[in-house]
Amino acid sequence: MDKLHYRSRYSLTKLMIWFVIFVLCFYAFKLSACYFSSENSRRILRSGTNWDSLVTLSAKPRDPNNGFSVLVTGAAGFVGSHVSLALKKRGDGVVGIDNFNKYYDPSLKRARTDMLERAGIFVVEADINDSELLERLLSVVQFSHVMHLAAQAGVRYAMKNPASYVHSNLAGLINILEACKSANPQPAVVWASSSSVYGLNSKVPFSEKDRTDQPASLYAATKKAGEEIAHSYNHIYGLSITGLRFFTVYGPWGRPDMAYFSFTKDILKRKKITIFKGPNNGYVARDFTYIDDIVSGCLAALDTAEKSTGSGGKKLGPAQLRVFNLGNTSPVPVTELVSILEKLLKMKARKDVLPMPSNGDVMFTHANISSAQRELGYKPTTELKVGLMKFVKWYLDYYVHSKKNIAW
Ligand SMILES: NC(=O)c1ccc[n+]([C@@H]2O[C@H](COP(=O)([O-])OP(=O)(O)OC[C@H]3O[C@@H](n4cnc5c(N)ncnc54)[C@H](O)[C@@H]3O)[C@@H](O)[C@H]2O)c1
């Protein structure tokens, strides 16, 4: 009887040991699958030699004696992905950082990132408010430049989620500048401000000397504040900083929240589009600027940026501080934008014309680009018709022919 009891206890213990081994193996398998998926590797491999070597390799210029190492924030975004690819193509080293937030469909950000990865660009999945991570990044690589494009964009969304603008455009910007000023050597910073800083200014075309103290939205106010914050970091720490005021950027891989993008989607779905009219029956007009022209302006700003003069948080001399308009110099009424889209899509838009609500939008934007022309050699060359044709071709390939849904 005792023997029988002993035997059954023995096989029960054996069974339990095998069960524990099975559970451990199962979890080990799950963990390794997670670890090796490229998406998660961006998140998990924060530190350690593997992460360090991925970052170092990605930051290395083709010719180490004659190229930049650029940290691009917002690299999975519209402008960030184009700028990153252009830098890599000409031989610079690039590391991206993006938090892949859900302001618009993150799968579009993932698809852009896949393109960057195929070009050999490593994108770190992190928030620019993560100071520990930034400190680590800037100690692993001595970046010559930081191209700061991460931000909460969009004018109307600021009424829904004001905290996201404070988080990314104010706290995030300060965190980036803090990391840059403490780095040794300090990188030169080029960052995206916005044409929206001109707010209610009615003097046209908008020049960098015009007043920018009447923002019409919280988004505009954060960009204006960013310009003042940039001034203080330049003044105290000797950081070389260039602000670029982009004017309504459009093109392939664009942002789904922008009018040209959502009009295209709605016209194709035969949904009504809303067009806003101003107080004197005037239509809203924008200085639409094609992405390739913006990319040229960004690269020229990096090429002409002088070195920062500080070291490890101490200013050693005066440093460069610049602001440039990057626009197209020819505002187009939104009604004309719609008729170009109608022709390209071979479909008529169903329109609702409404008075413009006071939700942050301004009636028109128009850039004076003489300063950027003179100092950066900036010269936009893409007509709206041509740029929209390229956008529509991309849109149809990406969404219609591949049957992807826009989830946002
Ligand atoms: N597209 C335009 O017409 C336009 C006009 C004026 C200014 N700008 C400015 O240009 C820059 C790029 O704009 P875009 O059109 O490419 O926008 P975008 O939204 O496509 O790109 C911004 C990217 O930054 C990332 N991001 C946001 N907050 C972050 C955070 N806290 N940490 C890490 N990543 C974060 C987002 O996930 C996104 O991928 C922004 O600063 C924007 O304000 C754009």
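Read the figures in this text as sums done on the coordinates, not as results from a lab. Everything quoted here is computed from the prediction, not taken from an experiment. Heads up, the Cβs are rebuilt from the backbone with ideal geometry, glycines too, and the neighbour counts pull from every protein chain shown.
Here is how the numbers come out for the structure above:
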{"item": "With Cα atoms, 0 to 90° folded angle of helix 2-36 axis to the chain main axis", "result": "20"}
{"item": "Mean separation of Cα contacts under 8 Å (6+ apart) over length of the chain, as relative contact order %", "result": "15"}
{"item": "Alpha-carbon Debye profile of region 75-149, log10 I(q)/I(0) at 0.22, 0.23 Å⁻¹", "result": "-1.03, -1.11"}
{"item": "Cα-Cα P(r), region 298-358, percent of pairs per 10 Å interval", "result": "14, 24, 19, 16, 16, 11, 0"}
{"item": "For region 112-239: Kirkwood Rh in Å [reciprocal of mean 1/r, alpha carbons]", "result": "16.0"}
{"item": "Potential extension, residue 280-residue 166 segment - 0.36 nm per residue separation minus Cα distance", "result": "37.6 nm"}
{"item": "Region 223-380: antiparallel DSSP beta bridges as a percent of all, rounded to 5", "result": "20"}
{"item": "Cα gyration tensor category, rounded, prolate or oblate, for the chain with a/c compared to 1.5", "result": "oblate"}
{"item": "Highest-first arrangement of 70-76, 182-188, 260-266, where packing means the average Cβ count within 10 Å", "result": "70-76, 182-188, 260-266"}
{"item": "Given charges at beta-carbon only (K, R positive; D, E negative), |dipole| of region 44-115 in Debye", "result": "120"}
{"item": "Protection proxy ranking of 195-208, 332-345, 389-402 - average other beta-carbon atoms within 10 Å, highest first", "result": "195-208, 332-345, 389-402"}
{"item": "Cβ charges +1 (Lys, Arg) and -1 (Asp, Glu), total dipole of the chain, debye", "result": "1420"}
{"item": "Cα shape, region 350-395, gyration tensor, a/c 1.5 rule", "result": "oblate"}
{"item": "Tilt relative to the chain, helix 106-118 - C-alpha long axis, 0 to 90 degrees, to 10", "result": "80"}
{"item": "Scaled radius of gyration (Cα, divided by 2.2 N^0.38 Å) that region 321-405 gives", "result": "1.41"}
{"item": "Computed Rg/Rh of region 154-222, alpha carbon atoms with Kirkwood Rh", "result": "1.06"}
{"item": "MRE, 222 nm, helices only [DSSP H, n ≥ 4, -39500 (n - 2.57), over the chain, to nearest 500]", "result": "-13500 deg cm²/dmol"}
{"item": "√(5λ) per eigenvalue of the Cα gyration tensor, region 237-342, largest first, Å", "result": "39, 15, 12"}
{"item": "Residue order, fewest to most surrounding Cβ atoms within 10 angstrom, among 388, 57", "result": "57, 388"}
{"item": "Gap separating the Cα centres of region 336-408 and region 246-261, nearest whole Å", "result": "6"}
